[in-house]
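Asker: Below you will find the structure I want to go over with you.
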Amino acid sequence: MFFLSLLCVCGLLLRGDAQDRASLWRGNDRSGRCQYTFTVPSPAEATCPQAGGPELDGLKARLGVLEALVAQLGGKDVQLRGGQQGAAARPQPELQEALSRAVAERNLLQGEKERLQRELDTLKLRMEEMRREAERLRSRPCLSPQSPVAAATATQQDWGRGRPPAGSSQMSHLMTRPNRQGDSSDLRDSAWPHGARGFQELKAEVTEVPAPDANVHSAGCGELISVGEPVTHRKANTIAGKYGVWMQDPEAVSPYGASMLWRIDTIGTEVRQLYGYDDMEQLSKGFPSKVLLLPDPMESTGATIYRGSLYYQRRLSRTLIRYDLASENVAARRELPHAGFHGQFPYSWGGYTDIDLSVDEKGLWAVYSTSKAQGAIVISKLDPHSLEVKRSWETSVRKASVANTFMICGKLYTVASYAARDTTVNHVYDTASGQLKALSIPFKNKYGYNSMIDYSLAQRKLFAWDNFHLVSYDLRLGRQQAD
Ligand code: CA
């Protein structure tokens, strides 16, 4: 007992000094008796850090928190040490949502990358195919001279031999074509392979065309030599087309082209419809592209078209009207002084052919008669803008004695009969000289009732309206005589 008391006293005394280094355990031994165990670190181990205990537990807890934070930032849960998921490791909803978006975008970009890669592979394949095709073409033999490739090669060779280049003056007579206004604008087609041999050969063929008869000049302004056979272009299919007038503007004005043809059926008292056809083919088929309604009714078959205007005689009057085709309005209106109208001085076939207007190389003309002239043909040159009479000529040919008249190069020609199948052009009156001369140039009325005959400056032919039929006649003119 004493010994036990001493041991307790010593333990209490030593605790104040070595309580951090010594420890006391109590327990039962195998025999059931109480056993006290007292341990003290040796002097050599007094400075060693204590392993285990509360400090280790603290470190474990702090490490768990850090792992949870890393797991949040990295997007995946981290099992806490010990196999349990801590509350601090649970991701917040907004972070999860951002993560989902980022993953979706990444997947999208990945898909786009794969698509571009496929396209790149396709382009590489096509480039390779084109390269092989180019090599194959280069290895082929030379092509025929007519091919564009050969043409281009020929052009280069011609340059090398000192020949004139494409479009040079050697072929300029084919490239330009002066019109009546002296406009020599370039007619070359930019798509034409100018330097090709094929074109050179074509030029040679053109220049080898034989020249026409030296005494005949179909495009000149000489005297009429002959009139060809009538060529029928169209038959009118209604009674309104028994008489009429058809025309072509020699100086067409936009929006109407140079090939435009015009027609008026002149049966009836309200002749106001003007039909336009794009070209001769459409006229022959009877397909007008334009129908104009004239503001004033027309009389006679003597209308004409010139520089974008229709010129005609107003019904029951000596008033001349210039109707502008583009604006579809009357541009000028003027009386033809003293002119007979409405059957006062018609041609021999009758009808209201008192005032006959026409166009030739010299301009706009009116053929009519007056009381003063007592039925003789009067020719007046008109100002095409204002319709004023610029100058008049009075002939000795009675208007009622001839079937019709036409003007070519300032000369008036008369046709003897409107009905005889075989008749003649029987007079010519030259306004330049004031001389009348008898002629006997064969002329055919194929359909036996010719109500209109006029010179078409646009085609250098005669246009006529013969008993429902629209016909034309080729002409041969002599060379123009020097004044
Ligand atoms: Ca006439």
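Asker: Over 28 Å between Cα atoms, which of Lys372/Lys444; Lys390/Lys446; Lys235/Lys390; Lys362/Lys437; Lys290/Lys411 qualify?
Answerer: Table pairs above 28 Å Cα-Cα are Lys372/Lys444; Lys390/Lys446; Lys235/Lys390; Lys290/Lys411.
Asker: Normalising by the residue count of region 220-478, find the relative contact order in percent from Cα pairs under 8 Å and 6+ residues apart.
Answerer: 21 percent
Asker: Moving on to the next point. Give me the accessible area per residue for region 269-387, probe 1.4 Å, as a whole number in Å².
Answerer: That works out to 38 Å² per residue.
Asker: Hey, any idea what % of region 220-478's accessible area is carbon plus sulfur with a 1.4 Å probe?
Answerer: Accessible surface attributable to carbon and sulfur in region 220-478 totals 47 percent.
Asker: I would also like to ask the following. Once phi is turned into ³J(HN,Hα) by the Karplus curve 6.51 cos²θ - 1.76 cosθ + 1.60 with θ = phi - 60°, what whole-Hz value does each residue of region 407-413 show in order, with x for glycine and proline?
Answerer: Karplus values, whole Hz, x for Gly and Pro: 10, 9, 6, x, 10, 9, 10.
Asker: A further question follows. Which order, highest average first, do 416-424, 113-121, 289-297 follow once you tally other Cβ atoms within 10 Å for each residue and take the mean per peptide?
Answerer: 416-424, 289-297, 113-121
Asker: Charges at C-beta only: +1 for Lys and Arg, -1 for Asp and Glu. How large is the resulting dipole of region 220-478 about its Cα centre, in Debye rounded to 20?
Answerer: Computed about the Cα centre, the dipole is about 380 debye.
Asker: Go through 103-109, 369-375 and give me the packing order, highest mean Cβ count within 10 Å leading.
Answerer: Per-residue mean Cβ counts within 10 Å order the peptides as 369-375, 103-109.
Asker: Still on this model: What's the magnitude of the charge dipole for region 280-369 around its Cα centre, counting Lys and Arg as +1 and Asp and Glu as -1 at the beta-carbon? Answer in Debye, nearest 20.
Answerer: Values: 10 positive and 10 negative charges, 33 e Å.
Computed about the Cα centre, the dipole is about 160 debye.
Asker: Now, a different point. Using only the Cα atoms, work out Rg/Rh for region 220-478, with Rh taken as the Kirkwood radius, to two decimals. Mind showing how you got there, number by number?
Answerer: Numbers: Rg = 16.4 Å, Rh = 17.8 Å.
On the Cα set of region 220-478, Rg over Rh gives 0.92.
Asker: Give me the base-10 log of I(q)/I(0) for region 315-370 at each q in 0.18, 0.19, 0.29, 0.30 Å⁻¹, Debye formula, one uniform scatterer per Cα, rounded to two decimals.
Answerer: -0.68, -0.75, -1.15, -1.18
Asker: Distance in nm between label sites at Leu436 and Ala326, each 7 Å beyond Cα in the beta-carbon direction?
Answerer: Each label point is offset 7 Å from its Cα along the Cβ direction, giving 4.2 nm.
Asker: Okay, next question. Output ³J(HN,Hα) for region 277-282: one whole-Hz value per residue in order, computed from phi by the Karplus curve 6.51 cos²θ - 1.76 cosθ + 1.60 with θ = phi - 60°, and x for Gly and Pro.
Answerer: 10, 4, 6, 5, 5, 5
Asker: Which value in nm describes the separation of the simple spin-label points at Glu135 and Val291, placed 7 Å from the Cα toward the beta carbon?
Answerer: According to this spin-label approximation, the distance is 6.9 nm.
The values are calculated or read from the model by the stated rules, or taken from the named source; none is laboratory data. Note that the coordinates shown come from a computational prediction; the quantities given were computed from them, not determined experimentally. Methodologically, a virtual Cβ is constructed for each residue, glycine included, from the backbone with ideal geometry; neighbour enumeration extends over all protein chains shown. To get the accessible areas, we keep the full protein, side chains included, count just its heavy atoms, and leave off ligands, DNA and RNA. Shrake-Rupley method; radii C 1.70, N 1.55, O 1.52, S 1.80 Å.
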